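A.B. asks: Dropping the structure in here first, questions after.
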Amino acid sequence: MTTDRPAEPPPAWSQAPVVAAVALGGGTGAAARYAATLCWPTGPGGFPWTVFWVNVAGCAVIGAFMTLTDVWPVHRLLRPFFGTGVLGGFTTFSTFAVDFERLTATGHLTTGLAYLAATPLAALTAVWLAAAGTRRVLTGGRFS
């Protein structure tokens, strides 16, 4: 005899390893991004190149990583740790928004608008090119 009742959700504590993996990865990624901004600071009113390139590079890695992990079997915590945690903490679209607001509030409207347009365009292009390039390498040079 079968029932039409949905399966009971797993207990909340069963997700603890995933939450821990995301948290550890997020801290690692955020620390790496912060280190990059310390190494290559942006002057007042300047284009935030460090955050721009962090976001573009992080998105490219996300594209390649997610494509690879669709093909290769990986540990169940790798995607939460690296994909969501490390790369989610490394890329920073909240700082992007704050940078844009700061630029426009301090009278650097042209720089702010260039940053506003360039960042999502470059990030989306990076993720698409990295995913397509990785897929092409995995298929022996054929696009599929």
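Read-outs: derived from the displayed coordinates by stated rules, not from any lab. Since we're looking at a predicted model, the values are computed, not measured. Here the Cβ is made from the backbone with ideal geometry for all residues, glycine too, and neighbour counts use every protein chain on show.
A.B. asks: For n ≥ 4 DSSP H runs only, could you compute -39500 (n - 2.57) per run for the chain, divide by its residues and tell me the 222 nm figure to the nearest 500?
C.D. replies: -22500 deg cm²/dmol
A.B. asks: Just to be sure I understand, if you calculate Rg/Rh (Cα atoms, Kirkwood Rh) for this structure, which of [x] 1.11; [y] 1.21; [z] 0.94 do you get?
C.D. replies: [x]
A.B. asks: Fewest Cβ neighbours within 10 Å first, please rank L38, L129 accordingly.
C.D. replies: If I rank by nearby Cβ atoms, fewest first, I get L38, L129.
A.B. asks: Say we join alpha carbon atoms closer than 10 Å with springs in a Gaussian network model of the chain; which of W53, W40, W128 then has the biggest fluctuation?
C.D. replies: In this elastic network of the chain, the residue with the biggest mean-square fluctuation among W53, W40, W128 is W40.
A.B. asks: Further question: Taking 7 Å along the Cα-to-C-beta vector as the label spot, tell me the T106-F93 distance in nanometres, rounded to one decimal.
C.D. replies: So the label points at T106 and F93 sit 2.5 nm apart.
A.B. asks: Can you compute the charge dipole magnitude of the stretch 17-138 about its Cα centre, using +1 on each Lys and Arg Cβ and -1 on each Asp and Glu Cβ, nothing else charged? Give it in debye, rounded to the nearest 20.
C.D. replies: Its charge dipole is roughly 280 debye.
A.B. asks: Residues in the stretch 16-33 near a label at L78, defined as backbone nitrogen under 17 Å from the 7 Å Cα→Cβ point?
C.D. replies: Only 18, 21-22, 25 fall inside the zone, counting backbone N under 17 Å.
A.B. asks: Using DSSP H assignments, which helices in the chain have an axial alpha-carbon span of 30 Å or above and a mean Kyte-Doolittle hydropathy of -1.0 or higher?
C.D. replies: In the chain, the long hydrophobic H runs are 16-39, 49-71, 109-138.
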